[in-house]
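The values are calculated or read from the model by the stated rules, or taken from the named source; none is laboratory data. Bear in mind the structure is a predicted one, so any value in this text is a computation, not a measurement. Ideal geometry is used to build each Cβ from the backbone, glycine not excepted, and the neighbour counts take in all protein chains shown. Heavy atoms of the whole protein, side chains included, go into the accessibility calculation; ligands, DNA and RNA do not. Shrake-Rupley method; radii C 1.70, N 1.55, O 1.52, S 1.80 Å.
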Amino acid sequence: MAAEQVRASHILIKHEGSRRKASWKDPDGRVISATTRDAAVRQLLTLRDDIDSGKARFQDVAVLHSDCSSAKRGGDLGSFGRGQMQKPFEEATYALKVGDLSGIVDTDSGVHIILRTS
């Protein structure tokens, strides 16, 4: 079973279409409810550019910007196997090589970039 597991970190930006419109940094969901998907994608692409250019480290960006509670761990979700995450997230993670950063991944939770760590 362990061989079938992957480990990943992510940065999640929620938006008006997210299934749960609250996060640790927006407990009432006011900002999230007013954020369009396009605005969330633009924010995530800007953050990804900062990571790609070396201006920022993935973990630091996750701590400051991710709407997921994993932000406090630099976005680390730990290890997981098939069937444990939303399908688009799982497929994107398994398609990455260790050390690779995904493009934009849409799920019911919002938009993500994923870093496969093992």
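Taken over region 72-117, residues that are of a type in the set (Asp, Glu), open to solvent by less than 70 Å² (accessible area, probe 1.4 Å) and outside any loop (DSSP other than H, G, I, E, B) amount to 3.
Scanning region 56-71 for residues that are farther than 17 Å from Gly99 by Cβ and touching a residue at least 40 places away in the same chain (Cβ under 8 Å), we see that the one that is surrounded by the fewest Cβ atoms within 10 Å (Cβ to Cβ) is Ser69.
Here region 3-30 is the region considered, the condition is being among the aliphatic types (A, V, I, L, M) and within 16 Å of Leu77 (Cβ to Cβ), and the residue that is surrounded by the most Cβ atoms within 10 Å (Cβ to Cβ) is Ile11. Among the criteria (1) among the hydrophobic types (A, V, I, L, M, F, W, C); (2) free of Cβ contacts under 8 Å to residues at least 12 places away in the same chain; (3) closer than 17 Å to Ile113 by Cα; (4) surrounded by 13 or more Cβ atoms within 10 Å (Cβ to Cβ), the one Leu47 does not fulfil is (2).
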